[in-house]
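The values are calculated or read from the model by the stated rules, or taken from the named source; none is laboratory data. Worth saying up front: this structure is predicted, and the values here are computed from it rather than measured. All Cβ positions, even for glycine, are placed from backbone atoms using ideal geometry, and neighbour counts span all protein chains on display. Surface areas here come from the heavy atoms of the whole protein model, side chains and all, with no ligands, DNA or RNA. Shrake-Rupley method; radii C 1.70, N 1.55, O 1.52, S 1.80 Å.
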Amino acid sequence: MKKIALFPVQKNNAPLARYQNRIPDTEVIPILAPAHKSMAGQDLSALDGGSHTGITLRGDFEKAVEDCELLYLDDSRFLTREESYAEFIRTAERHPIRIIYARTLSERLHLQDEESCSQKWQASGLGDAGKLTAVDIPVISVLTMGNETDQSHVEIGMRRFFQDQGYRVSQIGTQEYSRLFGFSAVPHFLFANLDGKRKRLMFNQFVRRMIKEEKPDLLIMGVPEAVMKYNNRIPAGMGDVPCIMMDAVQSDIGVLCTCCQPYTEEYFKELSLFGRYRLNCELHYFNISNSVVINDEDYQDRLEHLPLDSGFVVSHMYDGVDADCGFEIFNSYSDMSSDKAYRRMEEELAGNPEAMRGGI
Amino acid sequence: MGVVIKAFRTPLGYYVYDRSSNMIVKVEKEEYPVVLKLEAGREDEETAELLKAYRAKGILKENRLTEIRHPASQTLPYHLEHRVQKITLQLTQSCNLRCDYCAYSGKYHQRTHGGGKMSMETIKKSIDYAMKRSDGVEDLNIGFYGGEPLLEFENLKKAVEYVSGAYHDRKVNYTITTNGTLFHDEIIRFLSAHDFSVMVSLDGPKELHDQNRVFANGEGSFDRIMENLRYIKERYPVFFQKISFNTVVPPGSDYKCIEHFFSANDLIEENHLSRTTVSEFSLKDEVRYDDRYFVTYQYQTFKILMAALGFYDKKKISRMFSTDFVEIQRFYDHLGEAPVCTSCAHPSGPCVPGARRPMVDIDGNLFPCERVSERSDAMKLGHVDTGCDPVKADRLLNIGRLTERECIHCWNFLHCGLCASAADNGTALAGDRRLSYCESSRQGTLNTMRSICLLREYGYDFEGDFFDEEDRVISGTEK
Ligand code: SF4
């Protein structure tokens, strides 16, 4: 059994540990950032707010990496000092361990030759074909309103569901550990300094190449970065990357991941329309994450989040919305509510010959 | 239910602030009397027509607010368990000074100089308490407070050493508020080595500072502080830069003289400076600022506005008042955001008590912050051994429920700023006490809105960079 150390484990990468049974012969050891050390010894669910896993959170970095073959080192807002990383790297290197870095971390640490969790599907050789070509399998896009929306958990949970139903799934993941699950992360050229048209054409080719090779029944496309600005002071990526990807590959179903807030039906209606006109895909599925955006600071120029748990979210996610509103509102950490949503997607795709044909 | 608006004028224009959109809207002179009728809740054909026109633009919507409830109420237990951002330790209640307006002077309900100090056991428990409950924040802030915390330097040192040992890889920022009389080499080197942010209380020139800030024997503390500061600046220039100053402006002071001192003093010309007024909350006797204070304040505000418009030299703006402009800019930046358009909301003001910046007193009792009365049972949130009582924290968080009837219809709802301490009468939380501060809160908001409109009328560019970050050295807050 291969052991992978995951450091620091946090909400966005916790699915790597939670779904480790989807990676053959592998055990993932989740190790906490110092800020979270008080959770050491507890179940992973204390961190991600999901159901009990039997996977223990570790706080003892050195001991935990001792018998691991691989260390996946992720970027974290809880490790703000580069020296802290240097210290952990030095500690890990005292053992025979291979270290792979999240792309944003290797950029932050200015690492050049280090191994990053690279693409399964290389972008090299993608030319400018001059036109977009239809992707003729059903596509489900997983979009986000920002950070802490459990987007990666939705991506992997959905993969589990459709694979368990017997579908061959191709996937593009927003997290760079996607490769460990056997699928590609979002290609780096989408973040490069290229013009939007070229990115669209390249991404379209990238996806078609992947589909040609893997011959899947379904593509689950994780779309990084917020689909819109939060406000003028927190513009995020202004929704550029989502627009490019959604233009390049027509989606049949869009799932929007968002934090837990007191929403109204009108709000979801507006989001749905936003999807139709801006993202080329009407939105009917909304994942409500185990986090809430904090509003108590008088003036804030960045978003802060409060971790919640699935029980709380499930009991409040329909507070301002009628259960029969037509939108599928779910929490990915609740198997009952997420499986219901995924089943509805399956039915929707099966009943939609257009989707089966795909096409732009 | 009507609309919740505030009509106001400047010398050049007529405006209405609309709570339902959190926007300031310019109105025609002829419309203004109709807007005033709307504000007063009088309905007729004219108001109906105007409302129709405004609503077509998505503003002046019907007030849907029926219940006061803070949005963080449901998630309060999660805040208390995961998001303690700062913990302030009251190392001691003793002080070597006897400042006239100090919380411990006997003039306040909240404290007297008791002479007690925090044990090392309580210090460690307090640190553990905060560490355990701050996994949702990047850095934890630990503040040392008193009395005069440097009287307990040995315990302060041990506290920092405890953090360095037990939580060595956790990022912690330290702050200390001191009267500045007790610095010596060992203290300076220690605070510097641990990157402390130091706040020294300094009230202006000797004659004013020494009126209030005296040693127990009645001698003024100004000379000692200045001597210490000169020494630090000479020997530890880098550390000196991290010292900021807070000046408490007591009623009846010679404000011009204070202003002049801070503008002309070479020693501290580059350090951050904040201005506070004497806190009225929890004071036994009423405190009144005379007209001279307000005249000085308004004159300084006027100069800031003139400087923003290029009619006055920016460098000549008073250091004590210059970042009041930052507040105007912030107000402007947030217009249009988070309007009151739901049936349930809470006026701005309260932070999440027990999470944002809890203070631990010498006995381990938890309070929302260091500004509240430690003698008020309503403010006591719990103990480091047992944690915060969520019911008590909820009561402070939802302080607006005490004045629900008034707040539901108040145009100042989003800019109110009154927290639970304004409702604390020493024995209980009282709605009438809270309401007694409404007028000054509304007046402050109105002044800011007028300043914004005036600046706009004269073509000020709010997207420009009149004050950059460097200028943000002063803030006008209340102690
Ligand atoms: S000013 Fe007074 S009435 Fe208005 S919101 Fe604040 S407390 Fe309520």
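When B:GLU406 is tested against (1) more than 16 Å from the ligand (Cβ to nearest atom); (2) away from chain A (no Cβ under 13 Å); (3) among the charged types (D, E, K, R), just one condition goes unmet, and that condition is (1). Hey, can you tell me all the residues within the stretch A:189-216 that are in contact with a helix residue (DSSP H, G or I) (Cβ under 8 Å, 6 or more places away or on another chain), open to solvent by 40 Å² or more (accessible area, probe 1.4 Å) and of a type in the set (Lys, Arg)? Answer for the stretch A:189-216, where residues must be in contact with a helix residue (DSSP H, G or I) (Cβ under 8 Å, 6 or more places away or on another chain), open to solvent by 40 Å² or more (accessible area, probe 1.4 Å) and of a type in the set (Lys, Arg): just A:ARG200. Residues that are more than 14 Å from chain A (Cβ to nearest Cβ) and either over 10 Å from B:PRO353 (Cβ atoms) or near the ligand (Cβ under 8 Å from one of its atoms) (or both) within the stretch B:392-403 comprise B:ARG401, B:LEU402, B:THR403, listed in sequence order. On the basis of being surrounded by 18 or more Cβ atoms within 10 Å (Cβ to Cβ) and either within 14 Å of chain B (Cβ to nearest Cβ) or in contact (Cβ under 8 Å) with a residue 12 or more places away in the chain (or both), does A:PRO235 make the cut? No; evaluated as a whole, the condition is false for this residue. Does B:PRO71 satisfy being under 19 Å from B:HIS346 (Cα atoms), part of a helix (DSSP H, G or I) and within 14 Å of chain A (Cβ to nearest Cβ)? No: the conditions fail for B:PRO71.
Checking each residue in the stretch A:81-97 for being surrounded by fewer than 14 Cβ atoms within 10 Å (Cβ to Cβ) and either within 30 Å of A:PHE312 (Cα to Cα) or touching a Cys at 6+ places or on another chain (Cβ under 9 Å) (or both) picks out no residue at all.
Going by the conditions given, is B:GLN93 under 35 Å from the mean Cα position of the chain (by Cα) and over 29 Å from B:ASP333 (Cα atoms)? Spelling it out, B:GLN93 is indeed under 35 Å from the mean Cα position of the chain (by Cα) and over 29 Å from B:ASP333 (Cα atoms). Taking the stretch B:412-431 as the range and being near the ligand (Cβ under 8 Å from one of its atoms) and open to solvent by 30 Å² or more (accessible area, probe 1.4 Å) as the test, only B:GLY417 passes.
Restricting attention to the stretch A:43-73 and to residues that are more than 17 Å from A:LEU16 (Cα to Cα) and either of a type outside the set (A, V, I, L, M, F, W, C) or outside any helix (DSSP H, G or I) (or both), the residue that is least open to solvent (accessible area, probe 1.4 Å) turns out to be A:GLY59. Scanning the stretch B:171-184 for residues that are farther than 20 Å from B:HIS209 by Cα and surrounded by fewer than 20 Cβ atoms within 10 Å (Cβ to Cβ) gives B:LYS171, B:VAL172, B:ASN173, B:TYR174, B:THR175, B:HIS184. Working only within the stretch B:326-347, note down all residues that are open to solvent by 40 Å² or more (accessible area, probe 1.4 Å), within 16 Å of the ligand (Cβ to nearest atom) and of a type in the set (Gly, Ala, Ser). Of everything in the stretch B:326-347, just one residue is open to solvent by 40 Å² or more (accessible area, probe 1.4 Å), within 16 Å of the ligand (Cβ to nearest atom) and of a type in the set (Gly, Ala, Ser), namely B:ALA338.
Of all residues in the stretch B:290-318, those satisfying the criterion of being open to solvent by 40 Å² or more (accessible area, probe 1.4 Å) and not in a helix (DSSP H, G or I) are B:ASP290, B:GLY310, B:PHE311, B:TYR312, B:ASP313. Would you confirm whether any residue within the stretch B:348-364 is within 14 Å of chain A (Cβ to nearest Cβ), at pLDDT 90 or above, over 30 Å from B:ASP128 (Cα atoms) and open to solvent by less than 10 Å² (accessible area, probe 1.4 Å)? No, because not a single residue in the stretch B:348-364 is within 14 Å of chain A (Cβ to nearest Cβ), at pLDDT 90 or above, over 30 Å from B:ASP128 (Cα atoms) and open to solvent by less than 10 Å² (accessible area, probe 1.4 Å). Scanning the stretch B:432-463 for residues that are outside any loop (DSSP other than H, G, I, E, B), more than 11 Å from the ligand (Cβ to nearest atom) and either small (Gly, Ala, Ser) or within 14 Å of chain A (Cβ to nearest Cβ) (or both) yields B:THR448, B:SER451. Looking only at the stretch B:217-236, filter to residues that are within 29 Å of the chain's Cα centre (by Cα) and over 18 Å from B:PRO205 (Cα atoms); which one of those is surrounded by the most Cβ atoms within 10 Å (Cβ to Cβ)? The selected residue is B:ILE232. Evaluate the stretch A:175-188: report whether one residue or more is under 30 Å from B:HIS334 (Cα atoms) and surrounded by fewer than 17 Cβ atoms within 10 Å (Cβ to Cβ). Within the stretch A:175-188 (the criterion being under 30 Å from B:HIS334 (Cα atoms) and surrounded by fewer than 17 Cβ atoms within 10 Å (Cβ to Cβ)), the answer is no, since none of the residues qualifies. A Cβ distance below 6 Å, combined with a sequence gap of six or more or placement on separate chains, defines the contacts here; from the stretch B:364-393, residues that are on the phi > 0 side of the Ramachandran plot reach residues that are open to solvent by 20 Å² or more (accessible area, probe 1.4 Å) and assigned to a helix (DSSP H, G or I) in the pairs B:GLY364/B:THR122. Number of residues in the stretch B:119-141 that are at pLDDT 95 or above and in contact with a helix residue (DSSP H, G or I) (Cβ under 7 Å, 6 or more places away or on another chain) equals 4.
Of all residues in the stretch A:14-42, those satisfying the criterion of being under 22 Å from B:GLU81 (Cα atoms) and either open to solvent by less than 10 Å² (accessible area, probe 1.4 Å) or not in a loop (DSSP other than H, G, I, E, B) (or both) are A:ALA14, A:PRO30, A:ILE31, A:LEU32, A:ALA33, A:PRO34, A:ALA35, A:HIS36, A:LYS37, A:SER38, A:MET39.
For (1) under 25 Å from the mean Cα position of the chain (by Cα); (2) under 30 Å from B:VAL137 (Cβ atoms); (3) modelled with pLDDT of 75 or more, each residue gets a yes or a no:
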| site | (1), (2), (3) |
| --- | --- |
| A:GLU87 | no, yes, yes |
| A:ILE99 | yes, yes, yes |
| A:CYS117 | yes, yes, no |
| A:ALA123 | yes, no, no |
| A:LEU126 | yes, no, no |
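The set of residues in the stretch B:143-185 that are part of a helix (DSSP H, G or I), within 14 Å of another protein chain (Cβ to nearest Cβ) and of a type in the set (Ser, Thr, Tyr) contains only B:SER164.
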